[in-house]
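Bear in mind that the values in this text are calculations on the coordinates, not laboratory data. These numbers come from a predicted model, not from an experiment. All Cβ positions, glycine included, derive from the backbone under ideal geometry; neighbour counts span all protein chains shown.
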Amino acid sequence: MAHESNTSVPATIRADLSISDLGRSASVQRARCAARGRRANRRSLGTQRPRRSSEPHRQRILTYALNSVTKKTVQVMFLAVGLVMTGRAILTPMLMVIIMLTGDLLGMSLTTDNVRRSPTPNVWRIGVLTMVGVLIGIAELVFCTSVLAVAKFGMGFGIEALRTVAFVVIVFGNQAITYTNRERQRMGSCRPSQWLVGSSVADLLIASMLAVSGIAMAPLPISVVGGILVAAVVFAFIVDFAKVPVFHRLRIA
């Protein structure tokens, strides 16, 4: 009996030691798993940081999408309004080609534009984006129609001169809308890129020289071209004043 009690004590001690060893190994395993989890989190955070660099591209795509919807709206509707107002096609195929070329030059330069980071995560709501583009397009349509009406009824221009006016007002109006669409805040809060400014200057100079010299269209007095340019600048500030509450209401950031 004594012998059996002496041999049972070490077995109990060994069992206690084994249980404690298992507890320590489990604690070590949990610590290692926690450490691996922390390292994985740090790596995931590190890989997510470069994603912020893609946000300027999303802002540029947003501007490009707004411009595209706006231009399509105003050009299609302006052709219809011009046909009703004059009884003739207000733009010739050659003028439409020139407008497309100058518009593409400006659109490509938007890929280099300086943009401001959005204060909230970007969500692509296509319906809201399309609605805003159509509204801005209607505003530009009102501007273009007003200038065309002044040229026809106020200045008595013929159809050829009215076509030149339509060409100039669309080009200048697209420039104005581009600079209002590129900013979600007030115009000028973020400096445009040099490529964008350069393409705008080139676009304005090309359209003005063609209109004044009468290349591919009837010539216009330089005072008329300058007056349309001033009207486009005023139009840009009016749209810029009205767009901020609309963008904020529709959460376009």
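Annotations
- Net dipole in debye of the stretch 55-249 [+1 Lys, Arg Cβ; -1 Asp, Glu Cβ; about Cα centre; nearest 20]: 540 debye
- Charge dipole (the stretch 123-200, unit charges on Cβ, about Cα centre) - positive-most of Ile159, Ile136, Val147: Ile136
- Where a label projected 7 Å from the Cα of Ala89 along Cα→Cβ would reach, residues of the stretch 132-174 with amide N under 19 Å: 158-171
- Put in line by how crowded their Cβ is, counting other Cβ atoms within 10 Å and starting with the fewest, Val134, Val225 read Val134, Val225.
- Peptides 207-216, 85-94, 66-75, ordered by how many other C-beta atoms sit within 10 Å of their residues on average, highest first, read 66-75, 207-216, 85-94.
- Length gained when the stretch Asp104-Ser146 is fully extended (0.36 nm per residue, less Cα-Cα span): 12.6 nm
- Only alpha carbons enter this Debye calculation for the stretch 55-249, each as an equal point scatterer, and the log10 of I(q)/I(0) it gives at q = 0.11, 0.17, 0.18, 0.19 Å⁻¹ is -0.48, -1.10, -1.22, -1.34.
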